[in-house]
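Peer 1: Starting off with a structure, shown below.
Throughout, read-outs are computed from the coordinates displayed, never taken from laboratory work. Everything quoted here is computed from the prediction, not taken from an experiment. No Cβ is skipped: glycine too gets one built from the backbone with ideal geometry, and neighbour counts run over all protein chains shown.
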Amino acid sequence: MKNKFALLVVVLLVCLFSFGSSFAGLGEGQTWQSFNAINRAFNVTYQNTTNDPIQIAVSLKSSSGPGTSSIKVAPVATFSFNVAEINLPAGIGFSIPYSVIVPPGHYYRVDTTSKITWGKWSELR
């Protein structure tokens, strides 16, 4: 039992030192970048091409009617799962923010219905 525990500790330390030096944590050496409709669009797939996790923060408004928005994240560009989802009531006069973390190499997209308008799109990268 002691040998198994010692082996587990050694494996964990090797992993920690091997990966710890090549991957920064979220926010380490990263800054918030603001995007607009020229750089980002709803219902379009993007990829985190960095070696570090990034955070996507989006704020949205609804215009003439109720609407739905979701953020999808996946290791491949086919999505089967909403990581985050919000339902906005009609004519809301303020932005509602939500965000997700995207692992390195993963794909992400913000899907919306036609009733949703742009608030702000920022990425910590």
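Peer 1: Explain nothing, just the number: relative contact order of the stretch 26-124, from Cα pairs under 8 Å at least 6 residues apart, as a whole percent.
Peer 2: Answer for the stretch 26-124 is 46 percent.
Peer 1: Return the whole-Å distance between the Cα centroid of the stretch 52-72 and the Cα centroid of the stretch 102-125.
Peer 2: Cα centroid to Cα centroid, the span is 6 Å.
Peer 1: Next up: Which residues' amide hydrogens lie under 5 Å from the amide hydrogen of T117, considering only partners 5 or more residues apart or on another chain, with H built in the peptide plane?
Peer 2: K61, S62, S63
Peer 1: Sum up the charges of everything whose Cβ sits under 12 Å from the Cβ of K72, counting Lys and Arg as +1 and Asp and Glu as -1, but leave K72 out.
Peer 2: -1
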